[in-house]
1. I'd like to know if segment 132-140 contains one or more residues that are modelled with pLDDT of 95 or more, surrounded by fewer than 17 Cβ atoms within 10 Å (Cβ to Cβ) and either in a loop (DSSP other than H, G, I, E, B) or on the phi < 0 side of the Ramachandran plot (or both).
2. Residues to consider are E80, E32, E21; find the one that is closer than 30 Å to A188 by Cβ and of a type in the set (D, E).
3. Just the residues that are closer than 12 Å to S125 by Cα and either among the aliphatic types (A, V, I, L, M) or in a strand (DSSP E or B) (or both), please, taken from segment 141-154.
4. Would you point out the residue of segment 155-183, among those that are of a type in the set (G, A, S) and either part of a strand (DSSP E or B) or in contact with a Pro (Cβ under 9 Å, 6 or more places away or on another chain) (or both), that is nearest to G36 (Cα to Cα)?
5. If you scan segment 113-126, which residues turn out to be surrounded by 22 or more Cβ atoms within 10 Å (Cβ to Cβ) and in contact (Cβ under 8 Å) with a residue 40 or more places away in the chain?
6. Of all residues in segment 76-88 being at pLDDT below 95 and part of a strand (DSSP E or B), which is surrounded by the most Cβ atoms within 10 Å (Cβ to Cβ)?
7. Would a scan of segment 46-63 turn up a residue that is among the aromatic types (F, W, Y), under 17 Å from the mean Cα position of the chain (by Cα) and at pLDDT 75 or above?
8. Scan segment 89-111 and give yes if some residue there is crowded, with 16+ Cβ neighbours inside 10 Å, farther than 16 Å from Q72 by Cα, within 14 Å of the chain's Cα centre (by Cα) and modelled with pLDDT of 95 or more, otherwise no.
Amino acid sequence: MAMYPTRTRRWTRAEYDRLIEVGIFRPEEPLELLGGELVVSEPQGSRHYTAIARVVRSLQAAFGMGWVVRMQGPVALDDESEPEPDVAVVPGTLDDYNDAHPAWPVLVVEVADSRLSFDQKHKGSLYARAQLADYWILNLGDRVLEVYRQPARDTTAAFGWRYAETITLTAESSVTPLAKPTARVAVASLLPRR
């Protein structure tokens, strides 16, 4: 009996978009394309959803006109990745993205409830590889905001990149988005109330 090694098939963003277009995957299906692999998104409890809504509201106030704060919308990172971060801030207006998903968010925020390590290591490496300068994780378990900056090569990381700078901020702290240096976002405004 012949033995064959187990292989997986990697997908491109164009193939993934086509699968959605022809109805193989529905737009509301909880899938993301990450580094050529289809990954099921974290299930959303009410605390997770509330936190996302609070992040959106706070970032809309911080960024103002000329920016779009997207909630769980696809981002065209590269030819093999189309993640759907919980929140992404992109320049322009909604109409600027009628024909294509944004490719260069200035800030991505993931809300972590049950998959903190995945957001830190896997998605963090993917976002660093795409050279996203500002990546935040709202860590609901520890009630802190983790801020990741300065993408750097790291052959041991999931996608060969990681963030060289990590700052952990408590509810009493505030943070300034790199793309909006005049804004201050209170970490407490992002966290769901207990």
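1. Among the residues of segment 132-140, not one is modelled with pLDDT of 95 or more, surrounded by fewer than 17 Cβ atoms within 10 Å (Cβ to Cβ) and either in a loop (DSSP other than H, G, I, E, B) or on the phi < 0 side of the Ramachandran plot (or both), which makes the answer no.
2. Matching residue, one of E80, E32, E21: E32.
3. The answer is Y148, R149, Q150, P151, A152, R153.
4. Looking at residues that are of a type in the set (G, A, S) and either part of a strand (DSSP E or B) or in contact with a Pro (Cβ under 9 Å, 6 or more places away or on another chain) (or both), I get A164.
5. K123, L126, listed by residue number.
6. S81
7. For segment 46-63, residues among the aromatic types (F, W, Y), under 17 Å from the mean Cα position of the chain (by Cα) and at pLDDT 75 or above: present.
8. no
The values are calculated or read from the model by the stated rules, or taken from the named source; none is laboratory data. Keep in mind that what you see is a predicted model, and the values were worked out from it rather than measured. Neighbour counts are summed over all protein chains in view; Cβ atoms, including those assigned to glycine, are modelled from backbone coordinates with ideal geometry.
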